[in-house]
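Some notes on the structure that comes next.
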Amino acid sequence: MASGDAASDPQDNRRVLIVGAGPAGLTAAIALARAGIQARVFERAPELGRVGGGLGVQSNALRALQKLGIGERIVAAGTEMRAQEICDIHGRPLFSFPQGEVADEYGTPTISLMRAEVQLTLVDALPDGVLALDAECVGVEEDGEQVVAHFEDGSSERGALLIGADGGRSVVRKYVYGKEDAPPRYSGFTSWRAVVDIGPGVLPPATSRTFLGAGRQFVMFPVGENRIYWGLMKREPEGRSDPPEALHELLCEYLRDFPEVTRRLVQASDPAEILKTDVCDRDPERTWRRGRVIVIGDAAHMTTPFVGQGAGISMEDAVVLAKELSLTDGLRDKRMLEGALDSFQRARMERCAQIVLTSRRRGRVFSWANPVVVAMRNTALRAAPASFWRRETAKSINYDL
């Protein structure tokens with residue numbers, strides 16, 4: 001639970017409050033600690049590591065974590081990915097993103113693992129006493145040169161700066177944008193996903209595979225020995241409910257024309273463990289901050305998963321923000337603190353907008369449902385030279401921290 005009240009303490013002017021213990025918030029806390037800045041992370045969940053599917057930590061994100069000295073922990077916990085194969089609905093190859101080949105040029109691989117393993121690895125790297133669980137932030141305000149976070153249990157905490165890393169439906173974001181904040185934009189896709197323990201031979205080593213259908217796609221990749229993450233995305237109206245007693249049958253019907261392995265993975269999944277989400281993003285913003293409150297990660301630039309960089313650019317945010325804040329004399333220099341927040345935005349906004357919009361465009365192409373148009377799309381994808389997909393891969397991971 002959150003502790004303390006709104007009474008001011010001199011130490012409050014030298015610490016950062018972070019709302020949200022996802023990849024962005026936890027990485028920010030670690031990076032700030034490395035910079036000698038006190039931080040506290042507040043997470044509404046009562047425990048961590050129980051919810052979530054698979055996650056790809058691409059080469060750029062791993063480089064960010066290596067700067068904090070924890071990259072090797074992620075490598076040890078996960079599986080290196082060398083290729084991302086894109087196939088048609090019958091399993092015939094269309095093209096491949098050469099992730100491993102491009103990552104080799106940067107000296108850091110792309111790693112796939114459970115999202116919970118990423119979260120717990122980051123938690124293990126936190127200084128003692130930094131993380132507060134079961135602490136749901138319900139409001140934010142600024143009081144002079146301090147920021148106050150209010151929690152559901154009635155307590156409050158003060159700091160010099162507040163970072164909102166509380167996801168796409170962020171409470172902190174509501175303070176930053178007020179009445180001008182628009183709801184997330186529904187992409188037209190709904191996603192079902194799970195992780196299953198299954199024998200070898202489902203996939204070639206170090207490979208993810210995506211099958212593109214008409215308004216549907218299915219992705220699968222390893223997240224450990226004999227463990228496969230799968231995700232089905234399908235065009236349908238937002239907010240539609242599923243019959244819980246017949247979920248396997250429903251998803252297998254959606255996959256009736258796909259390779260048999262897709263239905264086998266669904267059937268091997270516990271229906272209670274299948275996560276469902278309406279896939280959303282947001283238009284790029286002109287600012288991510290209001291006064292001494294700033295949002296990062298999904299709270300700032302929620303994106304669809306078609307580039308696979310949602311967690312990656314969130315971790316980049318955290319490292320870059322901590323780097324800028326390290327130049328503020330431990331948050332003592334108020335003028336430099338303002339300049340650090342502005343400099344962070346200048347360093348990050350174009351990069352994140354490019355990822356969001358590239359993912360949106362890719363999702364539109366993948367969502368086409370007319371069979372004639374789908375056949376034309378597949379012909380064009382198959383005809384594109386390997387050099388094009390290499391450039392696309394490099395564009396995604398080429399970021400200098």
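Just a few scattered comments:
- Number of the condition not met by Arg82 [criteria: (1) within 18 Å of the chain's Cα centre (by Cα); (2) farther than 30 Å from Glu338 by Cβ; (3) buried (at least 18 other Cβ atoms within 10 Å of the Cβ)]: (1)
- Residue count, the stretch 283-324 (criterion: part of a helix (DSSP H, G or I), under 22 Å from Arg364 (Cβ atoms) and touching a strand residue (DSSP E or B) at 6+ places or on another chain (Cβ under 8 Å)): 1
- Among the residues listed as Glu157, Glu47, Glu72, the single one being farther than 20 Å from Tyr229 by Cα, without any contact (Cβ under 8 Å) to a residue 40 or more places away in the chain and among the charged types (D, E, K, R): Glu72
Let's see how each residue does on (1) of a type in the set (D, E, K, R); (2) out of contact with any Asp or Glu (no Cβ under 9 Å at 6 or more places or on another chain); (3) surrounded by fewer than 17 Cβ atoms within 10 Å (Cβ to Cβ); (4) assigned to a strand (DSSP E or B):
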{"position": "Gln119", "(1), (2), (3), (4)": "no, yes, no, no"}
{"position": "Ala135", "(1), (2), (3), (4)": "no, no, no, no"}
{"position": "Asp153", "(1), (2), (3), (4)": "yes, no, yes, no"}
{"position": "Tyr175", "(1), (2), (3), (4)": "no, no, no, no"}
{"position": "Pro200", "(1), (2), (3), (4)": "no, no, yes, no"}
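- Among the residues listed as Arg360, Arg377, the single one being assigned to a helix (DSSP H, G or I), over 26 Å from Val176 (Cβ atoms) and at pLDDT 95 or above: Arg377
- Per the conditions (1) over 17 Å from the mean Cα position of the chain (by Cα); (2) modelled with pLDDT under 95; (3) among the hydrophobic types (A, V, I, L, M, F, W, C); (4) assigned to a strand (DSSP E or B), the sole criterion not satisfied by Val148 is (2).
- Restricted to strands (runs of 3 or more DSSP E) entirely inside the stretch 205-274, no element has at least 3 residues that are over 28 Å from Val118 (Cα atoms), in contact (Cβ under 8 Å) with a residue 24 or more places away in the chain and over 25 Å from the mean Cα position of the chain (by Cα).
- Conditions (1) buried (at least 17 other Cβ atoms within 10 Å of the Cβ); (2) at pLDDT below 95: number failed by Asp88: (2)
- Count of the stretch 100-121 residues, restricted to those that are in contact with a Lys or Arg (Cβ under 9 Å, 6 or more places away or on another chain) and either farther than 19 Å from Pro23 by Cβ or of a type in the set (A, V, I, L, M) (or both), is 8.
- Filter pass, Val172 being of a type outside the set (Gly, Ala, Ser) and closer than 30 Å to Val148 by Cα: yes
- Per-region count, the stretch 118-128, residues without any contact (Cβ under 8 Å) to a residue 60 or more places away in the chain and more than 20 Å from Gly224 (Cβ to Cβ): 1
The values are calculated or read from the model by the stated rules, or taken from the named source; none is laboratory data. Predicted model only: the values in this text are computed from it and were never measured. Reconstructed Cβ throughout: ideal geometry from the backbone, glycine too, with neighbour counts over all protein chains shown.
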